[in-house]
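Asks: After the structure tokens below, expect a handful of questions from me.
Since every read-out is calculated from the coordinates, none of them should be taken as a lab result. Computed from a predicted structure; not experimentally measured. No Cβ is skipped: glycine too gets one built from the backbone with ideal geometry, and neighbour counts run over all protein chains shown.
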Amino acid sequence: MRKMLRALRFRKLITGVYTKRFQKYGRQPSGVYWSDKDRQLSRFSIILNQVAAVLPKGSVSIADVGCGYGALAHHLRNGVNSDYIRYHYTGYDINPTLIRACRGAPGIPSKQFKLGDCPSEVVDFSVMSGTYNMSVTRDLDHWETYILDCLERCWRYSRHGMVFNLLSADYSYISEGMLYHSNIHNIRRYCRSNFGATRIIREARLPSDATLVVVR
Ligand SMILES: C[S@@+](CC[C@H](N)C(=O)[O-])C[C@H]1O[C@@H](n2cnc3c(N)ncnc32)[C@H](O)[C@@H]1O
């Protein structure tokens, strides 16, 4: 019960933080705390490459959990990569302001964006980019418990797997600026014990990120 109330409080605080940011900067990477577009897009490519490595052919349904203003949806739609056509996208976010912004943008049917912290139906892959980076508590245990519960809910709706990134460090901590850095090996161990086989992907272009690929 206490855990549930805490999760509700976190969601309210996260929503407040991102609403304020989005109202200030609008539909651009800085509007959801990314430092620049290249790095936002690099994260999308890493995630999509990992999904493609597991499902190299045919149509793939993906739930983009923590979709922000819908940047991945537009990346897939406008992408130069012709392979992107096989992705059937749905974006989820806990923030009603951001979901409204996604639905109001031209080019993508509004029904492809939904309010929520996990898919509302089973998809091939759940993907999350930056979704759990911004902590709203200084209590590391509480934040990690919250994240793992969110992952657990997404896992239930993920037919083939989940791909998500986290900031990573030698030990887990929450920075002065409230950014959560994970001990990625601990998170991997948890995913492997509770979900499925889990790999860590690192790329030199994003030295403080790690991407986890969890498959059934
Ligand atoms: C750093 S932004 C990233 C947005 C988008 N993935 C991108 O790369 O442009 C994080 C987003 O995750 C959302 N979010 C945070 N926690 C969430 C949760 N537990 N479930 C769904 N969305 C969440 C926030 O509202 C915010 O829009």
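Asks: Quick check on my filter: what residues within segment 74-87 are more than 18 Å from E121 (Cα to Cα) and in contact with a strand residue (DSSP E or B) (Cβ under 9 Å, 6 or more places away or on another chain)?
Replies: L76, R77, R86
Asks: Here is a follow-up. Which one of S126, S158, S168 is more than 14 Å from the chain's Cα centre (by Cα) and either at negative phi or among the basic types (K, R) (or both)?
Replies: S168
Asks: Counting only residues that are part of a helix (DSSP H, G or I) and in contact (Cβ under 8 Å) with a residue 40 or more places away in the chain, which one in segment 23-39 is nearest to A204 (Cα to Cα)?
Replies: For segment 23-39, the residue satisfying everything is R39.
Asks: While we're on this one: Any residue at all in segment 88-97 that's within 15 Å of the ligand (Cβ to nearest atom), in contact (Cβ under 8 Å) with a residue 60 or more places away in the chain, more than 15 Å from P119 (Cα to Cα) and in contact with a strand residue (DSSP E or B) (Cβ under 8 Å, 6 or more places away or on another chain)?
Replies: Yes.
Asks: Then there's this: Taking only pairs six or more apart or across chains, which ones have beta-carbon atoms under 8 Å, a first residue in segment 69-80 that is closer than 21 Å to N95 by Cα, and a second residue that is near the ligand (Cβ under 10 Å from one of its atoms) and among the hydroxyl-bearing types (S, T, Y)?
Replies: Close Cβ pairs satisfying both conditions: L72/S129.
Asks: Just name the residue that is farthest from the ligand (Cβ to nearest atom) out of those in segment 110-121 that are farther than 15 Å from S61 by Cβ and not in a helix (DSSP H, G or I).
Replies: Filtering segment 110-121 for residues that are farther than 15 Å from S61 by Cβ and not in a helix (DSSP H, G or I), the one farthest from the ligand (Cβ to nearest atom) comes out as L115.
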